[in-house]
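Accompanying notes for the structure given below.
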Amino acid sequence: MEKSLYKVVEDWDIKLKQHSLKRRILLWFGSGSAIILILFSLAFNYFLNESINSSIEDKLQLLSHQVIAQNISENVGYAIIKENTIIKKNKKFTLKNYKSYLHQNNSFFIMEHERDDDYINALYITKYNDKLLLVYKTNIDNKIENFQDVLLWLVPILLLVLVILASRMIDKILLPINRLIEATSSVSVMKFSHNIALPKESDEIRELVISFNKMIERLRDGVQRLDRFNSDVSHELKTPLTVIQGEIEISLRKIREPEVYERSMQTIFKQSKQIENIVEQLLLLTKYTKENIKESFETCNLDSILLDCIDKYEKQLKAKNLHLEIKTIETISLNANATLMNLIFSNLIDNAIKYTPNDKNIYIELYQKNKIVFTIEDEGVGIEKEQLSKVTDRFFRVDESRNKNVKGFGLGLSIVNNSIGLHNGELSIDSINNGLKVTVSL
Amino acid sequence: MKLLIIEDDVNILSLLKRGFEEDGYIVDSAIDGEDGEYLAITNSYDVIILDWMLPLKSGIEVLNSLRKNKITTPTIMLSAKSEIKDKVSGLSVGADDYLSKPFSFEELEARIQALHRRSLSSGVNEICIKNAIVNIDDRTVIQDNEDVELSAKEYELLIFLIKNKNAMVSNTMIEEQLWSNQEYINSNVIQVTIYNLRKKLGKEFIQSSRGLGYKIEAT
């Protein structure tokens, strides 16, 4: 019940947000087109008015010529004025206040104050000889007024049609986004099951969906790695914990000989050491960052660090009868974190020893050429191609069910990779004919 | 009761073995999946304790192939994985119970007893047979309202005979059930155990046929 209510609210929220985007576009588009339409009709109105007026003027001018030529048509009023008095006029000349126009000659007026919705009156004044001729025409069809009426209706209707069309169009454009929203809201850390279906048109939305799907892919990968890491950490820590708890529980069930307690204590001590080891290695992985690593830098003689590391493994090399050959070693000093450098060399040598069968060879090189390069080659079991990219994951071990013949937690290479990254170096691992070649370049 | 423990961590294996043997269980053990599967197929056990992560063959794979081979021995899985989905996937391939590490030995033992009880007497903790009542939890036997004192081996033998009631149980079967693979026993020991048990419960309680073995006849 609660969940469904939440879902409804969420849906509503999405709709509202989307509507606000739509509303915004409509608002901008609507007001923009309204302004354009109004400006356009104003301009149109103005020019139309001008052209109508000038056509009336032309007509009146023609009529005035006819009056002068004594060739008078019936439907026009006229008056001839000499020195402010009418000397001749016809019936149709109904203009009363003609005197106010007289100071202008050769002029044309639309009688604005006489205007009504359907008709207009116009006056044309022209000079001939020493007289003034006034031609006054009434009841001219008021075309401009009609046109203005039409415009007054047309502009809002047009605007409405435009807005409706635009709204439809926006809906259509938003449809794939809508789908994207639906699909994305169903993606969660627990559920990466479906990618979003690609739209048919190859447009920006398609690009968006493609990149979104890629993002889901990467997230899924990351979460899977994290899941694996979690289960590995818990496994590695829970096993010694089980031993410790079990040892104590069984020892306490009854009074025992001191030797039994002693053996139990030793087991518990060993197991707690193992837990400490895991925790310490995990801390080491997170202790240094790119920012704080510089503070721990000191001048290191890489060759002597390497030789020290090799010395440490003398016993283990002998135990497996492995032959470690140093092909080249140059004197190199570098500003670096000595502990991490030591770890890099130790872990790589340790790995090579672990995964190389008895009586085989391990080759080591350390030289400087543009970069500082350290390589270690073994004649071991190698790693399958598809697993190469995972070997630096924390706790990753090539054998899924963890071959117990090889001791370790799978943290080594992860630490190495991390340490090299902190020194802005690169780690590359390649399978070679018989075994593995690990290259570190700094 | 005879247990098979398949666990790759030698420390856990050793403490489980010690704990169970101290309580009178007979324990066989294997440290990888293939070995464990072989033991489970070739011997009969009352309960199998199976670790999830095993070298060579995982616990799930072992369980799968056991169930395919019609071996329905009650099995409890141990794992560091503690998520519900892990438990579900373990139980769905045929495990009878699931315990996540770290666990308490006491709990494991209680669960194993419950599993054993379920397979032996469909959940009841007392079995009535002839004129005797066997309490599986307390490991006590009462005959005609009187307590019968049995040694651990005698009790195990009685339970084994009850489990196979109305069927003949041979010396070899008894040897396999009551002693672990690692122990060497003299066939005399079996004879002595049988003799003692018959003496305590009465000759007519357990029938013996020369050369064939022993059985309890009951309805």
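The values are calculated or read from the model by the stated rules, or taken from the named source; none is laboratory data. On a predicted model such as this, the values are computed, not experimentally measured, just so you know. Cβ atoms come from the backbone with ideal geometry, glycine included; neighbour counts cover every protein chain shown. Please note that ligands, DNA and RNA were not included when accessible areas were found on the heavy atoms of the full protein model with its side chains. Shrake-Rupley method; radii C 1.70, N 1.55, O 1.52, S 1.80 Å.
What number of residues within the range A:310-338 satisfy the criterion of being of a type in the set (S, T, N, Q) and either open to solvent by 80 Å² or more (accessible area, probe 1.4 Å) or in a helix (DSSP H, G or I) (or both)? Can you show your working first?
Residues of the range A:310-338 of a type in the set (S, T, N, Q): A:316, A:321, A:328, A:331, A:333, A:335, A:337.
From what is left, the residues that are either open to solvent by 80 Å² or more (accessible area, probe 1.4 Å) or in a helix (DSSP H, G or I) (or both) are A:316, A:321, A:331, A:335.
Number satisfying all stated conditions: 4.
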Just need a number here: residues in the range B:186-219 that are touching a helix residue (DSSP H, G or I) at 6+ places or on another chain (Cβ under 9 Å), in a helix (DSSP H, G or I) and among the polar types (S, T, N, Q).
4
Only residues in the range B:18-32 that are away from chain A (no Cβ under 13 Å) count as the first member; pair them with residues that are open to solvent by 30 Å² or more (accessible area, probe 1.4 Å) and of a type outside the set (Gly, Ala, Ser), Cβ under 7 angstrom, at least 6 apart or cross-chain, and list the lot.
B:VAL27/B:LYS17; B:VAL27/B:GLU21; B:ASP28/B:ASN181; B:SER29/B:LYS17
I'd like to verify a number: residues in the range B:58-96 that are within 25 Å of A:PHE229 (Cβ to Cβ) and charged (D, E, K, R), how many?
6
Scanning the range B:46-88 residue by residue, those within 13 Å of another protein chain (Cβ to nearest Cβ) and hydroxyl-bearing (Ser, Thr, Tyr) turn out to be B:SER58, B:SER79, B:SER82
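Among A:LEU241, A:LEU219, A:LEU237, A:LEU208, which is the only one that is closer than 30 Å to B:LEU13 by Cβ, in the same structural domain as A:ILE268 (by TED's automatic domain parsing), open to solvent by 50 Å² or more (accessible area, probe 1.4 Å) and aliphatic (A, V, I, L, M)?
None of the others qualify; the one that does is A:LEU241.
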Hey, does the range B:50-67 have a residue that's under 17 Å from the mean Cα position of the chain (by Cα) and open to solvent by 10 Å² or more (accessible area, probe 1.4 Å)?
no
List the number of the failed condition for B:SER44; all other conditions in (1) part of a helix (DSSP H, G or I); (2) open to solvent by 10 Å² or more (accessible area, probe 1.4 Å) hold.
(1)
I'd like to check something: does the range A:182-202 contain any residue that is at pLDDT 80 or above, open to solvent by 30 Å² or more (accessible area, probe 1.4 Å), among the β-branched types (Val, Ile, Thr) and not assigned by TED's automatic domain parsing to the domain that holds A:ILE25?
no
Conditions (1) away from every other protein chain (no Cβ under 14 Å); (2) over 30 Å from A:ILE177 (Cα atoms); number of the one not met by A:LYS214:
(2)
I need every pair where a residue in the range A:241-268 that is at the interface with chain B (Cβ under 8 Å from one of its Cβ atoms) has its Cβ under 8 Å from the Cβ of a residue that is assigned to a helix (DSSP H, G or I) and open to solvent by 90 Å² or more (accessible area, probe 1.4 Å), sequence separation at least 6 or different chains.
A:GLU249/B:GLU106
Are there any pairs with C-beta distances below 7 angstrom linking a residue in the range B:91-106 that is more than 7 Å from every other protein chain (Cβ to nearest Cβ) to a residue that is open to solvent by 40 Å² or more (accessible area, probe 1.4 Å) and assigned to a loop (DSSP other than H, G, I, E, B), with the two at least 6 apart or on different chains, and if so which?
B:SER100/B:LYS81; B:SER100/B:SER82
Restricting attention to the range B:10-36, which residues are open to solvent by 20 Å² or more (accessible area, probe 1.4 Å), touching a helix residue (DSSP H, G or I) at 6+ places or on another chain (Cβ under 6 Å) and over 19 Å from B:ILE112 (Cα atoms)?
B:ASN11
